[in-house]
Amino acid sequence: MTERPVHPPRAEPREVVELKQLKARQPDLATAVDMQLALVELQRRVQSRVPLPWIQADPQWLEAQQREGRPLVRFADIPLEWSDFRLAVRRTADILLRFESLDGGDHAQIVALGREGNALEPVVEQWYAVSSGLEPSADAERLPPGTPGSLDQVLVLAIRPFLHRCAEALSQRLDLSAWTHGHCPFCGWEPDFAVITPAAERRLICGRCVAQWAFAALTCPFCANDDRQLITSFATRDGRYRVYACDVCRRYLKAYDGRGASRPVLTSVDAIATLPLDAAAMQRGYQ
Ligand SMILES: [Zn+2]
Ligand SMILES: [Zn+2]
C-alpha cells in the first residue's frame, strides 16, 4: 500500500493570518473581518493575473503633472483585461451583497452591467477621468444617470489590483518628493488611511490604489488646513493607532503608528481593526 504524500498547506499571506487573529481577539468584528477576507482573497487572485505595465510617459509630462497636482496614471495606462475586470466587478458585488453592504436591486443592476460585452467600458472610463481629476475641466458626473450610486464602491474595489500595478510600475522610476498634495499622485483618489514611519514621518495611503506618499503630519489632506490648533489628534490606549481630525472641514483620517511596531502597516487589516475608532471619531462630531 502506498501512502499519498501529504503536502503542507501553503503559507497564508500575512494579511490573512492577521485578519484571522483579529477575529479571534475581537469577535464583535467577525462580520467585518469575514467580508474583508473575501475581498482580499478576490483581489489577490485578480492581481496575480495582472502584469506589471510598462507605462510610456514623457518625463516632462510627468513632471508637469506633478507640478500641477494632477495624477500620473492615465486611463489607457491601466492594464485592464476586460473579461478579468468584468469578473472582478461581479464577484465584488456578490461579496458586498452577501455581507449586506449592497442592496439587492443595485446588485442585480451592477452584475448585469458587468456581464454585458461593452457596456461597462465607457462607464469606467468616464468614472476614472472624473474621479481622478485627470481632466481638469471634467465637470461631468462620475456615473451616468440611471446607474446605482453604489457602483462607485464596487469600482473602487474591483479596479484596485489593476491600478496598484500602475503605481508599482511608476514608483520604481519616479521621485515623488515634490508631491505635497493630499490626493494620490497616481490615481487622484483620496487617502483613507495613513502610516507613521519609524522616522516619525506621516505617509498617506490611497483609498483606491493603496499607493503611499509622504505628507505633512499635522496638515489636513482634505482641506489643507495646517493650523495645529485646529487639528485634533488622539491615539488608542495601546498607542498602535492614531486619529487626526480636522476642526475646519470636520473630516478625519486614521493612522497606524509604525514607531516601535512589530510589523509594517497592513491597510486591509488595520482598516478593520480601527472600526471602533471610527465610532469614537464620529461621536466627537467628525465625518
Ligand atoms: Zn491612488
Ligand atoms: Zn480639513
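Observations on the model:
- Of residues in the stretch 35-75 being small (G, A, S) and at pLDDT 90 or above, the one nearest to C166 (Cα to Cα): S48
- Complete set of residues in the stretch 102-118 that are part of a loop (DSSP other than H, G, I, E, B) and surrounded by 15 or more Cβ atoms within 10 Å (Cβ to Cβ): L102
Residues checked against (1) within 16 Å of ligand 1 (Cβ to nearest atom); (2) crowded, with 21+ Cβ neighbours inside 10 Å:
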residue: C220; (1), (2): no, yes
residue: V248; (1), (2): no, no
residue: Y252; (1), (2): no, yes
residue: A261; (1), (2): no, no
residue: P264; (1), (2): no, no
residue: A271; (1), (2): yes, no
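- In the stretch 228-244, the qualifying residues are those that are open to solvent by less than 70 Å² (accessible area, probe 1.4 Å) and farther than 17 Å from E201 by Cα, and the one that is farthest from the chain's Cα centre (by Cα) is L230.
- Here R70 clears all of (1) assigned to a helix (DSSP H, G or I); (2) in contact (Cβ under 8 Å) with a residue 40 or more places away in the chain except the condition numbered (1).
- Filtering R228, R284, R251, R240 for residues that are without any contact (Cβ under 8 Å) to a residue 60 or more places away in the chain, among the basic types (K, R), in contact with a Phe, Trp or Tyr (Cβ under 8 Å, 6 or more places away or on another chain) and over 20 Å from G69 (Cβ atoms) leaves a single hit, R240.
The values are calculated or read from the model by the stated rules, or taken from the named source; none is laboratory data. Please read these numbers as outputs of a predicted model, since none were measured by experiment. No Cβ is skipped: glycine too gets one built from the backbone with ideal geometry, and neighbour counts run over all protein chains shown. Areas reflect the complete protein model, heavy atoms only, side chains present, ligands, DNA and RNA absent. Shrake-Rupley method; radii C 1.70, N 1.55, O 1.52, S 1.80 Å.
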